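Take a look at the structure below.
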Amino acid sequence: MRPAVERRGHVAAPGIAAGPVVRLDRTGGLRREPSGDPARERADLEAAIASSIVAIADLAATLEGEAADILDFQIAMLEDDALSSSAFAAIAKGVDAGTAWSDAIQVQVADYEATADEYFRARAADLADIRDRVLRALAHDGDTATPPGAVLAGNDVTPSRFLSVDWASGGGLALFAGSASSHVAMLARSRGVPMVVGTGPIDLGDNDIAIVDGEAGRIVLNPGAEDWAAYEATRADTVARSGREDAVLRLPARTRDGRRLSVMINVAEPEELDALDPTTCDGIGLVRTEFLFHRPQGLPDEETQYRAYRRIVEWAAGRPNVLRTLDAGGDKPVPGLTIDDESNPFLGTRGIRLSLACPDVFMVQLRAMARAAALGDVKVMLPMVTVPQEIDQAAALLNRAVADLEAEGVACRRPALGIMVEVPAVAIEPALYANADFFSIGSNDLTQYVTASARDIAAVSTLNDAGHPAILSLIRRVVDVGREIGRDVSLCGDMGSDPAHIPALVGAGLATLSVAPPLVGRTKLAIAETGAEAS
Ligand SMILES: C=C(OP(=O)(O)O)C(=O)O
């Protein structure tokens, strides 16, 4: 066996797993002997496409929501004559079926990959995935490429590839690039599949074994005796802890010395709510409304948005909901809306800056949110606020949206209007932003701006550390000033679900943490283990 290699990355989904490595880029091995007969090559390709459609449709039938949409996109591409006809044309000229299919799809993949638009880049990965699926079918490789309990490793993974694996038997994901806020990361968290991203490239060999440590954010390739001992210890801890997490999940969060905290959830896709029991949380502390804007149909109209918000508010059944206005730009481009050629998109026209630059689009969202506010406890939150005037301008638009709706006789309510605290200027001088009704600290962005290290660049991941003392002192400052000026302060970044940071956050005086849904139990347990020493 090759020597052990350890690589640090980021936790995208907690837990620990070990298993044989399956390389995500494994198309080179999918060789099939060409027959030399164009008619046979064409027939084989048609059969491979048809069997792939059936396999994907079978999988889609077991899924709902976005997961099913991704697979429907793949079926539509496979059924699209434009794609197969260029492969058939090449076969007629003597090219073998596998090469003809790869070349035909590669043209489209390259077009999609070349765009700066994240939506289309994600579709490029889905196309590459169906390319490989058809190649596997041509080579009669079936799904044996993913044995039970395998660790999928490679640059990145598509949601469809993730969904095609039976994770019930264990296994995990180790990605050289990838992001903890990607769709696959969300799927991995909701299915309890350990996932580490941003390890940087790793040289993978045949027959490698890997440990994916989604607790510490590292992977170990070809572990030695000490690595296996550490694996067993972490596994035992994880099992024991998950029993303790289950025990506190349905209880109100309280510290050992009796301080009550609210633990709310961050929602990025309404489908996430289907499998969740609302009684396990104190409400929804952040709805990332970007999901509405990543649709092939273009920008969502008011009714589409209203229905999505209504579904969320109804799920919350009287608990609070914080709807964040569109936070596009930076790592979240929206086709047709965000600016593609900014030299540094994280410092560019993103969040509230973009919404104020596109008031027509913003008004549609504010009207839908004001209508949703008539249905329950709804607050609206602005991302990336940098100066108080942005709050005034958004408030004026919100007031106008409410006045228009009232004049039209449409049920609505003026929701409270708060802000994310994620730009250092706000965290340093929170009192200047007293025109906001509440503050929610976005520790993910605050960390990247305070440490000047992007959240999606693996090479600077050790600098992008929420544990930097400067972050905690800013959090303390925001909580203290919030108390002085009478504004509620919560925290909705990933720091809030990290047991290593929870005592310090409780000690800073935060009373509300909003976390990824699968991490509610972990957060409540860490709060329960925090005592008077954190004050
Ligand atoms: C919660 C946050 O927002 P985002 O959706 O950008 O992660 C944050 O920045 O901490």
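Every read-out reported here was derived from the displayed coordinates using simple, explicitly stated rules and does not represent laboratory data. As the structure is a prediction and not an experimental result, all values here were calculated from the model. Positions of Cβ are generated from backbone atoms using ideal geometry, with glycine treated the same way; all protein chains shown enter the neighbour counts.
How fast does the stretch 226-286 diffuse by Stokes-Einstein, in µm²/s, taking the Kirkwood radius from C-alpha pairs at 25 °C and 0.890 mPa s? Reported coefficient: 175 µm²/s. Multiplying the residue separation of ASN344 and SER169 by 0.36 nm and subtracting their alpha-carbon distance yields 58.8 nm. Ordering VAL387, VAL361 from the fewest to the most neighbouring beta carbons within 10 Å gives VAL387, VAL361.
Note on ASP277 and GLN389: with the Förster distance fixed at 41 Å, the Cβ-Cβ geometry gives a FRET efficiency of about 0.45. Computed from the Cβ-Cβ distance with R0 of 51 Å, the FRET efficiency linking SER85 to ALA403 stands at 0.40.
The ranking of TRP315, TRP101 by Cβ neighbour count inside 10 Å, starting from the fewest, reads TRP315, TRP101.
If N is the number of residues in the stretch 258-528, what value comes out of its Cα radius of gyration divided by 2.2 N^0.38 Å?
Cα-based Rg divided by the globular estimate yields 0.96.
Once both labels are positioned 7 Å from their Cα atoms along Cα-to-Cβ, the gap between ASP58 and ALA216 label points is 4.0 nm. Once the Cα-Cα distance is subtracted from the 0.36 nm per residue extended length, the ASP72 to HIS140 segment shows a gain of 22.2 nm.
Beta bridges assigned by DSSP with both partners in the chain are antiparallel in approximately 35 percent of cases. When each of the peptides 219-228, 415-424 is scored by how many other beta carbons lie within 10 Å of its residues on average, the order from highest to lowest is 415-424, 219-228.
On the principal axes of its alpha carbon atoms, the stretch 146-264 extends 53, 35, 26 Å, with the longest extent given first. Put simply, the convex hull of the Cα atoms in the chain casts, on average, a shadow of 25.4 nm². Counting only DSSP beta bridges with both residues in the stretch 187-324, the antiparallel share comes to about 50 percent.
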